[in-house]
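Enquirer: Sending over a structure as structure tokens; questions will come in a sec.
Nothing in this text is a laboratory measurement; each read-out follows from the coordinates by a stated rule. This one's a predicted model, so the numbers in the text were calculated from it and none came from an experiment. Heads up, the Cβs are rebuilt from the backbone with ideal geometry, glycines too, and the neighbour counts pull from every protein chain shown.
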Amino acid sequence: MGTTVEVMIEDFKFAPKEIRISVGDTIKWTNLDSAPHTATDNNNNFDSGTLAKGESFSMTFEEAGTYDYICTIHPYMKGTVIVEA
């Protein structure tokens with residue numbers, strides 16, 4: 001069973017911006033901003049949909065690789081998940 005790592009969406013940034021996890025781990029994004037945000041993979045591997053303030057989205061990563069993602073509402077917001085085998 002993997003671990004869950006938190007990514008905060010705050011001040012129009014993903015914190016941390018880059019995160020390293022192992023296969024089977026879960027990322028939980030939580031929006032702390034009053035503005036809506038998404039966490040959307042550039043290659044359509046995951047999409048949180050619109051997260052209002054206080055809402056969260058979790059994704060368990062089953063394959064090693066690098067996953068670059070953005071907020072589709074604010075595309076200058078970028079993050080990376082690096083999944084190691």
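Enquirer: Only strands (runs of 3 or more DSSP E) wholly contained in region 1-70 count here; list those with 1 or more residues that are under 12 Å from the mean Cα position of the chain (by Cα), under 13 Å from V83 (Cα atoms) and touching a residue at least 60 places away in the same chain (Cβ under 8 Å).
Expert: Numbers: elements: 4-10, 13-15, 18-22, 26-31, 56-60, 65-70.
Hits in region 1-70: 18-22.
Enquirer: If you scan region 6-20, which residues turn out to be under 15 Å from Y69 (Cβ atoms) and in contact with an Asp or Glu (Cβ under 7 Å, 6 or more places away or on another chain)?
Expert: Our first condition is that a residue be under 15 Å from Y69 (Cβ atoms); within region 6-20, this holds for 7-9, 12-20.
Hits for region 6-20 are I9, F12, R20.
Enquirer: Looking at region 1-27, which of the residues that are surrounded by 15 or more Cβ atoms within 10 Å (Cβ to Cβ) and not hydrophobic (A, V, I, L, M, F, W, C) is nearest to G79 (Cα to Cα)?
Expert: Checking each candidate, the answer is K13.
Enquirer: Sticking with this one: Sort out which residues of region 28-52 are among the β-branched types (V, I, T) and farther than 13 Å from I73 by Cα, and write them in order of number. Reasoning before the result, please.
Expert: Kept after step one, since they are among the β-branched types (V, I, T), are these residues of region 28-52: 30, 38, 40, 50.
The one that is among the β-branched types (V, I, T) and farther than 13 Å from I73 by Cα: T30.
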